[in-house]
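In what follows, a structure is listed as structure tokens, so that the remarks can point back to it.
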Amino acid sequence: MYPVGGGRESVWQPGMPVYVGDRIVLRMFASTGDARLAEMRVRLDNEPLRTLTQAPWSIEIDTSNLSPGYHFVEVFAVSSDPSADMGSGTTIFYVREPEPVREAAAPEPRTETTVTTGAVQEMMTEEPTTAVAGVRQTPEEAFQPPAHPGREIPMRDGIPLYQAGLDISLHSADPAVEQMLAQDGVVQVTKPTLFRVTVGNNARRIIYALMRNGQEIYRSDPLPTNALIRLQPKTDADSVGLQPGEVSLWVWAGNEEELYGAPDMARVEIAPQQ
């Protein structure tokens with residue numbers, strides 16, 4: 001999938017945002033052996049979008065009328081062999097509200113982390129980076145995805161081919177947090193907050209990472225799929241926790257062969273020290 005118009009052209013990967021009003025080109029590929037590829041059926045958010053009966057096997061999706069948040073694409077391939085099963089594939093993309101071009105503010109210090117028992121300790125180091133005034137940074141920078149964990153994902157024309165059954169989604173037992181996750185809103189963390197995940201049938205482990213200002217500040221070791229993720233603000237200079245401000249929480253589900261699927265992501269606002 002490629003965003004075209006309304007923004008920079010670049011290869012898109014699940015977890016990366018697309019702005020409302022962008023147009024996305026969906027290019028589809030299918031292997032049918034000796035049979036002819038007869039039809040491609042495309043669904044968007046569980047609704048029929050378009051059916052193609054000849055090449056080029058690509059369509060353009062206009063996001064102008066889509067709501068902010070994640071959107072689910074399904075593609076079904078039909079061959080000329082009546083005895084062959086229908087093939088299918090899925091992907092997701094994330095749509096954000098357009099943001100105005102702003103003058104770059106003074107850069108924040110780079111962050112580093114050390115792992116402590118049961119939580120993440122975040123410490124600030126004075127190593128500023130260079131900002132260019134008048135140039136829009138990547139989407140708040142914090143929403144660029146971290147490096148994908150595990151083994152390298154096979155690609156086709158720049159599109160990752162994730163293995164089935166490794167999907168993942170973030171949840172919480174806290175009703176307010178769960179509502180924000182469902183609405184792709186910003187989760188307010190004013191106290192220790194637990195996140196859980198639901199995973200696909202082939203998942204055996206999870207990994208999570210935290211991003212701030214375009215930099216990864218923490219990555220977990222592989223964890224069991226029933227593990228809980230605890231985020232909490234620092235309450236004083238010596239306490240365990242995260243510095244105030246917005247971070248993004250990324251999670252992946254993997255199998256025993258160290259293959260991981262497409263990530264899920266949540267925006268989290270860490271409350272300042274009281």
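Whole-Hz ³J(HN,Hα) for each residue in the stretch 64-74, computed from phi via Karplus 6.51 cos²θ - 1.76 cosθ + 1.60 with θ = phi - 60°, x for glycine and proline: what do you get?
Those phi angles translate into 4, 9, 8, 7, x, x, 7, 10, 10, 10, 10 Hz.
How would Trp252, Trp57 line up from fewest to most surrounding beta-carbon atoms within 10 angstrom?
Exposure proxy ranking, most exposed first: Trp57, Trp252.
When Leu249, Leu194 are ordered from fewest to most other Cβ atoms inside 10 Å of their Cβ, what list results?
By the 10 Å Cβ count, ascending, the order reads Leu194, Leu249.
So for each of 149-158, 253-262 I average, over its residues, the number of other beta carbons within 10 Å; can you give me the resulting order with the highest mean first?
253-262, 149-158
Provide the per-residue ³J(HN,Hα) series for the stretch 39-56, in order, calculated from phi with Karplus coefficients 6.51, -1.76, 1.60 and θ = phi - 60°, each as a whole number of Hz, with x at glycine and proline positions.
Coupling constants for the stretch 39-56: 7, 10, 10, 10, 10, 10, 6, 6, 10, x, 10, 6, 10, 10, 10, 7, 5, x Hz.
Can you work out ³J(HN,Hα) from phi for every residue in the stretch 251-264, in order, using Karplus 6.51 cos²θ - 1.76 cosθ + 1.60 and θ = phi - 60°, giving whole Hz and x for Gly and Pro?
Couplings: 9, 10, 10, x, 10, 6, 8, 6, 9, 10, x, 5, x, 10 Hz.
Among Ile92, Ile270, what is the fewest-to-most ranking by other Cβ atoms within 10 Å?
Ordered from fewest to most neighbouring Cβ atoms within 10 Å, Ile92, Ile270 come out as Ile92, Ile270.
Bear in mind these aren't lab numbers, they're just calculated from the coordinates by the rules spelled out. Small disclaimer: the values here were computed from a predicted structure and weren't measured. FYI the Cβ positions are ideal-geometry reconstructions off the backbone, even for glycines, and counts take in every protein chain you see.
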